[in-house]
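Data first, discussion second: the structure below is written as C-alpha cells.
Read-outs throughout are calculated quantities, based only on the coordinates presented, and are distinct from any laboratory measurement. Model, not experiment: these values are computed from the prediction. Positions of Cβ are backbone-derived with ideal geometry, glycine not excepted, and every protein chain shown enters the neighbour counts.
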Amino acid sequence: MPLLNTLVSYRSLTQPFPDTQTLLSQTRAAAGQVIADSAAADARVSQLAAGLAMLRTEQGAFPQVMHTPRNAAMSLLQTHIAQNAVTENKLESFLLRGLEFVFEGFEVRFSSADWFRWMLSFFTWIEAIDKEPLPSAPAEAAPIDDNFTVALFGDWGTGLYGAPVCAQSIQNEGDYDLLLHLGDVYYSGRDEEVSARFQKFWPNLPDALGRSLNGNHEMYTGGHGYFRELLPGLNQTSSYFAFQNANWTLVALDTAYDQPFDGQTGRVLQPQIDWLRNILAAAGDRKVVLFTHRQPFTLLDNDQGTNLMADLQEFLQGRKIWAWYWGHEHRLLLYEPHPLYGFRGRCVGHGGFPQARPDLGGAPPAPDIGDGWFHLSGTADAPNALILDTANVYIPGFEAEFAPHGYMRLEFRGAELHESVRAAGAANIYDRPLT
Ligand SMILES: [Fe+2]
Ligand SMILES: [Fe+2]
C-alpha cells in the first residue's frame with residue numbers, strides 16, 4: 001500500500017532543483033499555462049512559496065517523518081505529488097529502525113521535467129476545486145443509553161505511527177458505544193487518502209456507532225472525500241450532530257466547513273448556530289458536552305481560536321457548555337475550567353500525527369497524576385492545564401523527539417462522566433471522574 005507510506009518532504013520537493021528560486025520559476029511557468037489571470041497565477045505561486053518555507057521549518061531535521069505545514073496549498077501539493085509519484089513509481093524506499101519498531105517508508109524522487117508536468121495537472125486540479133454542499137443535521141438529538149462509552153481520538157488520519165495502534169487497542173477493548181474521530185485526514189482528505197489512511201484502519205466494532213468530524217485538511221479538497229466517501233462509510237449523514245440521554249447532551253460541530261481557503265481559522269456560522277440554539281434549548285438542564293476539530297484556546301500553539309469563541313459567544317456567555325473536547329493541535333492537554341465560561345477543555349489531537357515535543361520551559365511534573373504529566377501555567381487566554389509529555393515509540397529512530405500518541409475513553413454512567421487517557425497501546429495513564 002505505497003500511498004500510505006509515501007512522504008512528501010521539503011527535501012524531496014526541492015531535490016531536483018539547484019535552488020528554491022528555480023523551483024518557483026518553473027512552478028510559475030506551469031501556473032501561467034493553466035491560470036489565465038496573471039495576478040491569480042502569481043498569488044497561487046506565492047501561497048506555495050510560503051508553504052514551502054513553512055514545510056522546511058516544520059520538517060526540521062526529520063525529512064523521513066510525516067510533516068505538513070499550516071498551509072492549504074502545500075497540503076494539496078503534498079497530496080498531488082504523493083499520488084503522482086505512486087502512480088508513476090517515482091519512489092525511493094527507506095527504513096527507520098527504532099527501539100521497538102521499524103518504519104518502512106517511501107520518499108518521492110522525481111526530475112524537474114516531472115515537476116513541470118505535475119504542476120500543470122496540479123493547477124488544473126486545484127483551480128477546479130469547489131465546495132461540497134453542507135448536508136443539514138437532524139433537528140433533534142438522537143437518543144442514546146444512559147450508560148454510554150465513547151472512544152475519542154483526533155488527528156488520527158495518517159494511518160501511520162500510533163494511529164493503527166490506537167485503533168487496534170480500541171477494537172480490543174471492544175465495549176464502546178461510539179467511536180468519535182475529531183477530524184483531519186492527511187494530506188488533504190482526498191478519496192484515495194480517506195481509503196488508505198482512514199477507512200483501512202477504522203476499528204472493526206460493528207455494534208458501535210462511528211462518527212468523524214470535519215477537519216481543515218478534509219476541506220482543502222472541498223470536503224468531497226469527507227462528505228461523499230468517509231461519512232457514508234460510517235453511516236453518518238451530517239458533519240454536525242447531537243446525542244442525548246437523561247443526563248447529557250453530546251454535541252458535535254463542523255468548524256472546518258466555513259473556514260477561509262487558507263484553512264487556518266475555525267468558524268461556526270449559520271445554519272449550525274441556529275441548529276445549536278434549538279439543540280441546547282431542548283437539552284433543558286442536561287449537561288452539554290461539545291466536540292469540535294478546532295480549539296477555543298491553546299497554551300502551546302500560536303492559533304488562539306478567537307473566531308470560534310466569538311462565533312459561539314451567546315452559548316458561552318450563557319454558560320451552556322459544561323465540557324469541550326477538541327483536536328487540531330496534535331497534543332493531549334487537560335485544562336482547568338474556563339474562568340469566565342466554566343467549561344472544562346480538553347485537547348485530544350494526539351491520535352497519530354507526528355508532533356515535535358514542546359519546550360515546556362521547566363514546567364513542574366505532576367507525580368500525583370503519573371509519569372509524563374506536567375503542570376502548565378495558564379495565560380490571559382487559556383487556563384492552567386496538565387500536559388502529557390513523553391517519548392513516542394511509534395516514530396522509530398526519533399522516539400525522544402516526538403510527543404506521544406493515544407486516545408481517550410469517556411464513560412457516561414448516569415449523571416457521572418468518567419475520563420480515561422489511554423496510551424496508544426491501551427495502557428491507562430489517567431483515570432478519574434470529571435467534576
Ligand atoms: Fe491535524
Ligand atoms: Fe487540523
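What net charge do the residues around residue 149 carry, taking every other residue with its C-beta under 10 Å from that of residue 149, with Lys and Arg at +1 and Asp and Glu at -1?
That sum, taken over residues with Cβ under 10 Å, equals -3.
In which sequence would 279, 273 go, from the one with the fewest C-beta neighbours within 10 Å to the one with the most?
In order of increasing Cβ crowding within 10 Å: 273, 279.
Hey, what's the Kirkwood Rh for the stretch 1-137 if you take every pair of different alpha carbons, in angstrom?
About 15.9 Å, per the Kirkwood formula over Cα pairs.
Return 149, 158 ranked ascending by Cβ neighbour count within 10 Å, so the fewest neighbours appear first.
Working: 149 18, 158 25.
Listed from fewest to most nearby Cβ atoms, that is 149, 158.
With every atom except the alpha carbons ignored, what do you get for Rg and Dmax of the stretch 179-253, in angstroms?
When restricted to Cα atoms, the stretch 179-253 yields Rg and Dmax of 12.6, 41 Å.
Any idea what Rg and Dmax come out to for the stretch 326-401 if you just take the C-alpha atoms, in Å?
13.2, 44
Restricting things to alpha carbons, find the Rg to Rh ratio for the stretch 122-203 using the Kirkwood radius for Rh.
Dividing the radius of gyration by the Kirkwood radius yields 1.07.
Where a Cα-Cα gap under 19 Å defines reach, which aspartates and glutamates qualify for residue 131, not counting those fewer than 8 residues away within the same chain?
Qualifying aspartates and glutamates at Cα under 19 Å: 184, 191, 192, 193, 218, 229, 254, 258, 262.
From the Cα gyration tensor of the stretch 142-433, with a ≥ b ≥ c the square roots of its eigenvalues, which class applies: rounded if a/c is under 1.5, or else prolate if a/b is larger than b/c, or else oblate? Present the calculation step by step, with values, prior to reporting the outcome.
On the way: a/c = 1.23, a/b = 1.08, b/c = 1.15.
Here the stretch 142-433 falls in the rounded category.
Report the gain in length on full extension from residue 95 to residue 366: 0.36 nm times residue separation, minus Cα-Cα distance, nm rounded to one decimal.
Numbers: separation 271, 0.36 × 271 = 97.56 nm, distance 3.64 nm.
My answer for the length gained is 93.9 nm.
Rounded to the nearest angstrom and ordered from largest down, what semi-axes does the equivalent ellipsoid of the stretch 169-219 get from its C-alpha gyration tensor (root of 5λ)?
Sorted largest first and rounded, they come to 22, 12, 8 Å.
For residue 204 paired with residue 246, estimate the spin-label separation in nm (one decimal), with each label point 7 Å from Cα along the Cα-to-Cβ line.
3.7
Give the lysines reachable from residue 320 as a straight Cα distance under 18 Å; neighbours fewer than 8 places away on the same chain don't count.
Leaving aside lysines fewer than 8 places away in the same chain, those within reach of residue 320 are 287.
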